[in-house]
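Here's the structure we're looking at; comments come further down.
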Amino acid sequence: MRIAFLGTGRMGTELALHLIADHELTVWNRTAERTAQLAEAGAAVAETAAAAIEGAELVITSLFGPDAVRETVTGPALIPAGIPWVDTTTVSPPTPTSSPPPCPATWVCR
């Protein structure tokens, strides 16, 4: 499966490392240096979040809080309709239900 993984901080990198053996993984992070470990493990590195999701069958985000999700994903409506999105970003309990659907993507977990 072609997976785009956005957010390769400490948690994102560990999660993505578990996917790399069995999937075609493209990663992106606001701080490009944070993608180095995944690149060494075989992931493709994208220069932008939009480039990372091109051709992806699944998008996983592990960003730095709800503001980063709004800035990167929901504000620009980054994820096309029909592409599942798994958001592993740490948020407070009311955050997922207090916001309108962020984009036409398929919600996988909330």
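Quick look at the values:
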read-out	value
Looking only at region 73-94, and only at residues there that are among the aliphatic types (A, V, I, L, M) and part of a loop (DSSP other than H, G, I, E, B), the one that is farthest from LEU6 (Cα to Cα)	ALA81
Matching option when the condition is assigned to a helix (DSSP H, G or I), of a type in the set (D, E, K, R) and surrounded by fewer than 22 Cβ atoms within 10 Å (Cβ to Cβ), among ARG70, ARG30	ARG70
Residue match in region 55-68 (condition: more than 21 Å from ARG10 (Cα to Cα), at pLDDT 90 or above and charged (D, E, K, R))	yes
Subset tally (residues that are in a helix (DSSP H, G or I) and under 13 Å from THR8 (Cα atoms)) for region 44-54	2
The lone exception for GLN37 - which of (1) among the polar types (S, T, N, Q); (2) at pLDDT below 95; (3) not in a loop (DSSP other than H, G, I, E, B) it fails	(2)
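The values are calculated or read from the model by the stated rules, or taken from the named source; none is laboratory data. What you are looking at is a predicted structure, and each value in this text was computed from that prediction instead of being measured. Neighbour counts run over all protein chains shown; Cβ positions are idealised from the backbone, glycine included.
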